[in-house]
1. Based on what the data block shows, is Glu29 of a type outside the set (Val, Ile, Thr), at pLDDT 85 or above, in a strand (DSSP E or B) and touching a Ser or Thr at 6+ places or on another chain (Cβ under 9 Å)?
2. In region 42-52, how many residues are within 24 Å of Glu79 (Cα to Cα), open to solvent by less than 50 Å² (accessible area, probe 1.4 Å), assigned to a strand (DSSP E or B) and out of contact with any helix residue (DSSP H, G or I) (no Cβ under 7 Å at 6 or more places or on another chain)?
3. Select from region 1-41 the residues that are of a type in the set (Asp, Glu) and open to solvent by 80 Å² or more (accessible area, probe 1.4 Å) and list them in ascending order.
4. Which pairs do you get when a residue that is without any contact (Cβ under 8 Å) to a residue 12 or more places away in the chain, found in region 1-24, comes within reach of a residue that is open to solvent by less than 50 Å² (accessible area, probe 1.4 Å) and in a strand (DSSP E or B), reach meaning Cβ atoms under 8 angstrom, with the pair 6+ apart or on two chains?
5. Check whether at least one residue in region 62-72 is at pLDDT 85 or above, hydroxyl-bearing (Ser, Thr, Tyr), out of contact with any His (no Cβ under 9 Å at 6 or more places or on another chain) and within 16 Å of Arg24 (Cβ to Cβ), and report yes or no.
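The values are calculated or read from the model by the stated rules, or taken from the named source; none is laboratory data. Every value quoted in this text rests on a predicted model; they were computed, and no experiment measured them. Here Cβ is always computed from backbone atoms with ideal geometry, including for glycine, and neighbour counts include all displayed protein chains. Surface accessibility is based on the protein's heavy atoms, side chains included, excluding ligands, DNA and RNA. Shrake-Rupley method; radii C 1.70, N 1.55, O 1.52, S 1.80 Å.
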Amino acid sequence: MDIFSLKEYVGWFVKITSPEGRTREGIFEGYDGPAYDPEEEEDVILLHTRAKNGGFRDYVVYRAQDIAEFIPIRKATKEEYEA
């Protein structure tokens, strides 16, 4: 998957499924990697995930080969995006 083709969905709630079938939902926050920081080894996308109590927790990093399916759900609200 070309992860840079997904940039129109930065700031959206998305669902990402791995090749193994593991699914996570969160806010697609953007990118990291050598395209942005020469010290990084691979380009990745950043998914900000929800904790079970409803708040947000850490980022999950996905390389292109870690994504079998990328499904945009809806645009995140300003409050959600800034949380």
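1. Criteria not met by Glu29.
2. Selection size over region 42-52: 4.
3. If the condition is that a residue be of a type in the set (Asp, Glu) and open to solvent by 80 Å² or more (accessible area, probe 1.4 Å), then Asp2, Glu8, Glu20, Glu25, Glu39, Glu41 are the ones that fit.
4. Going by the 8 Å Cβ cut-off, the qualifying pairs are Thr23/Ile16; Thr23/Thr17.
5. yes
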